[in-house]
Amino acid sequence: MPLNFKRTQEVPPQYCIFGKLPRRADFVRVNATHPAAMQLDQLLAQSLQRLEFTEEATRHYLGMPPTSFVLQSRDHNWLSLG
C-alpha cells in the first residue's frame, strides 16, 4: 500500500492493493495504475526476467516463504509496504 506522508489532511488517503494469492495465477491489483504500484510491478517483472528457470530454480521459487518489504518510489513521495 503506497502512503504519502507529505500530503495535507484535506486530501483523502490513496491506496492500492497489489499482491499474490495462492489460488490466483496472476497478481491481484486494485488501483494498480498508481505510480508506486507500477514501479513495484516493474521491479518484480525485471527480477523474474533475470532468473534462469531451471528445474532447481523453479523449485526454490515455488518454495519461497512470504516476505516483508518497504520500497520508496523514485520521486521519494510514496512508500510501498508489503
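Taking 0.36 nm per intervening residue step and subtracting the Cα-Cα distance, what contour gain separates Gln49 from Leu81 on full extension? All intermediate terms of the calculation are to be shown ahead of the outcome.
On the way: separation 32, 0.36 × 32 = 11.52 nm, distance 2.29 nm.
Difference between extended and current length: 9.2 nm.
Find how much the distance from Thr33 to Gln72 grows on full extension, using 0.36 nm per residue of separation minus their present alpha carbon separation; answer in nm with one decimal. Walk me through the numbers before you get to the answer.
Numbers: separation 39, 0.36 × 39 = 14.04 nm, distance 1.63 nm.
Residue separation times 0.36 nm, minus the Cα-Cα distance, leaves 12.4 nm.
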Expected output is a single nm value to one decimal: the length gained when fully extending between Tyr61 and Leu21, i.e. 0.36 nm times separation in residues minus the C-alpha distance. What is it? 12.9 nm
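So how do 50-61, 14-25 stack up, highest first, on mean other-Cβ count within 10 Å? Intermediate results must be reported in sequence, preceding the final value.
Values: 50-61: 9.2, 14-25: 11.2.
Order by mean packing, descending: 14-25, 50-61.
Quick note: the coordinates plus some simple rules give every number you see, no bench work behind them. Remember, it's a predicted structure, so these values are computed and weren't measured experimentally. Using ideal geometry, Cβ is built from the backbone for each residue, glycine included, and neighbour counts are taken over all protein chains shown.
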